[in-house]
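A.B. asks: Pasting a structure here, questions to come.
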Amino acid sequence: ALDDAVLRCVPPRTKDELWWYCKEQLRVVCEVCKGAGGYWQEGATVPCSKCDGRGSHGFHLGRVAVCTEGKDKHVAQLDVLWELWQGQLRTMLVIAAREGGKTRLLAVFEHLLARFQRFTISHMGAIEPQATRARRWLQHQTDGVPDGGGFWCDPGTKEPVPSGSPGAVPELARDAAEKVEWANGAAIEYLPGTMSQASGPHYEMSVLDEVDEAKPEVQQKFSQTPSGPRAKLVQASTYSYATGTVSKILHDTPFIPV
């Protein structure tokens, strides 16, 4: 069997491997103990059960749909990510409740595309805190697993390699609040949802988070920015307004996968 350090550098090939990769390789700060390793309440001495006292844990993708009946039936997070990761869809609209994990899911997908497919990505938050939140999730993920192995790249082949490999360099070449650049050529920029930002630059994938909070003209303009043979558009939102931007998308483009 391959050891964990090697598997960390292999792109998921099945849905089970995708779930395992997120659980074992993408560490996020524990939302229960806030990274402290114990319960966040003052005076707590019992280690947090969710992260086993480590202060972080893998990203647990939901594998089972909550509701499977009716026209508003739910889809498991893993199924959504797998459908995106397979690469057969050029566009998708993800609708979920608040705290439903939309932004985390986008951060995981962007991480995978940057590491293994060297995508250039433009991530817009319809309200600026959403872009900041996505940037924070990515930071948690790229910090690496608790053993300190982190994520490394061969500067020649541009492929992920285990930590300690001869000549390996950190995968993140530039780590700024507004833009993250990978040593393999991938990049993710983070934009506020304004008209001036919606017109470019033209990266391979455009991601718009909290679509229903965006003005229709911003959404329409930004949706035209993906470029190249691998162009993708992914949008995600809580369905907040009966006559909002999500409703407009569903009315104007009823063929879009939801």
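A.B. asks: Please work out which residue is farthest from S122 (Cα to Cα), limiting yourself to the stretch 235-258 and to residues that are of a type outside the set (A, V, I, L, M, F, W, C) and touching a Leu at 6+ places or on another chain (Cβ under 8 Å).
C.D. replies: Ranking the qualifying residues of the stretch 235-258, first place goes to P257.
A.B. asks: Of the residues in the stretch 137-151, how many are open to solvent by 50 Å² or more (accessible area, probe 1.4 Å) and either at pLDDT 90 or above or closer than 30 Å to T238 by Cβ (or both)?
C.D. replies: The total comes to 2.
A.B. asks: A further question follows. Residues Q197, Q224, Q220: which one is polar (S, T, N, Q), open to solvent by 60 Å² or more (accessible area, probe 1.4 Å) and touching a strand residue (DSSP E or B) at 6+ places or on another chain (Cβ under 7 Å)?
C.D. replies: Testing whether each residue is polar (S, T, N, Q), open to solvent by 60 Å² or more (accessible area, probe 1.4 Å) and touching a strand residue (DSSP E or B) at 6+ places or on another chain (Cβ under 7 Å) leaves just Q197.
A.B. asks: Related question: How about the stretch 53-93: which of its residues are aromatic (F, W, Y) and touching a strand residue (DSSP E or B) at 6+ places or on another chain (Cβ under 8 Å)?
C.D. replies: Within the stretch 53-93, F59 is the sole residue that qualifies.
A.B. asks: Going by the conditions given, is V234 among the β-branched types (V, I, T), open to solvent by less than 20 Å² (accessible area, probe 1.4 Å), at pLDDT below 90 and closer than 29 Å to R8 by Cβ?
C.D. replies: It is false that V234 is among the β-branched types (V, I, T), open to solvent by less than 20 Å² (accessible area, probe 1.4 Å), at pLDDT below 90 and closer than 29 Å to R8 by Cβ.
A.B. asks: So, in the stretch 12-32, how many residues would count as being modelled with pLDDT of 85 or more and of a type outside the set (S, T, N, Q)?
C.D. replies: Final tally of qualifying residues: 11.
A.B. asks: Being of a type in the set (A, V, I, L, M) and either open to solvent by 60 Å² or more (accessible area, probe 1.4 Å) or modelled with pLDDT of 90 or more (or both) is the filter; apply it to the stretch 162-179 and report the residue that is nearest to S223 (Cα to Cα).
C.D. replies: A177
A.B. asks: Where in the stretch 144-258 are the strands (runs of 3 or more DSSP E), entirely inside, with at least 2 residues that are without any contact (Cβ under 8 Å) to a residue 24 or more places away in the chain and not β-branched (V, I, T)?
C.D. replies: 172-175, 179-182
A.B. asks: Right, here's the next one. If R118 satisfies all but one of (1) modelled with pLDDT under 90; (2) touching a Gly at 6+ places or on another chain (Cβ under 6 Å), what's the number of the condition it fails?
C.D. replies: Going through the list (1) modelled with pLDDT under 90; (2) touching a Gly at 6+ places or on another chain (Cβ under 6 Å), R118 breaks only (1).
A.B. asks: Test each condition in (1) modelled with pLDDT of 85 or more; (2) acidic (D, E); (3) crowded, with 16+ Cβ neighbours inside 10 Å for E159 and report the one that comes out false.
C.D. replies: (3)
A.B. asks: Another question about this same structure. List the residue pairs whose Cβ atoms are under 6 Å apart, where the first residue sits in the stretch 98-123 and is β-branched (V, I, T), the second is outside any loop (DSSP other than H, G, I, E, B) and surrounded by fewer than 23 Cβ atoms within 10 Å (Cβ to Cβ), and the two are 6 or more positions apart or on different chains.
C.D. replies: Every condition considered, the pairs that remain are T103/R133; T120/A187.
A.B. asks: Counting only residues that are among the basic types (K, R) and modelled with pLDDT under 90, which one in the stretch 64-97 is nearest to the chain's Cα centre (by Cα)?
C.D. replies: K73
A.B. asks: Exactly one of (1) closer than 17 Å to T238 by Cα; (2) in a loop (DSSP other than H, G, I, E, B) is unmet by A134. Its number?
C.D. replies: Evaluating A134 over (1) closer than 17 Å to T238 by Cα; (2) in a loop (DSSP other than H, G, I, E, B) leaves (2) as the failure.
A.B. asks: Could I ask something else about it? State which residue is nearest to V10 (Cα to Cα) when the search covers only the stretch 107-133 and only residues that are among the polar types (S, T, N, Q) and more than 13 Å from the chain's Cα centre (by Cα).
C.D. replies: Q117
A.B. asks: Can you confirm whether the stretch 192-201 contains a residue that is at negative phi and either at pLDDT 90 or above or of a type in the set (D, E) (or both)?
C.D. replies: Among the residues of the stretch 192-201, not one is at negative phi and either at pLDDT 90 or above or of a type in the set (D, E) (or both), which makes the answer no.
A.B. asks: Pairs please, first residue from the stretch 24-39 and under 25 Å from D4 (Cα atoms), second anywhere and open to solvent by less than 40 Å² (accessible area, probe 1.4 Å) and hydroxyl-bearing (S, T, Y), Cβ atoms under 6 Å, 6+ apart in sequence or on different chains.
C.D. replies: Matching pairs, first to second residue: R27/S56; V29/S56; C30/S56.
A.B. asks: Still on this structure, please answer the following. Taking the stretch 239-248 as the search range and keeping residues that are at pLDDT below 90 and in contact with a helix residue (DSSP H, G or I) (Cβ under 9 Å, 6 or more places away or on another chain), which one is least open to solvent (accessible area, probe 1.4 Å)?
C.D. replies: Among those that are at pLDDT below 90 and in contact with a helix residue (DSSP H, G or I) (Cβ under 9 Å, 6 or more places away or on another chain), it is S240.
The values are calculated or read from the model by the stated rules, or taken from the named source; none is laboratory data. Predicted model only: the values in this text are computed from it and were never measured. Neighbour counts run over all protein chains shown; Cβ positions are idealised from the backbone, glycine included. Ligands, DNA and RNA are excluded from the accessible area calculation, which covers all protein heavy atoms including side chains. Shrake-Rupley method; radii C 1.70, N 1.55, O 1.52, S 1.80 Å.
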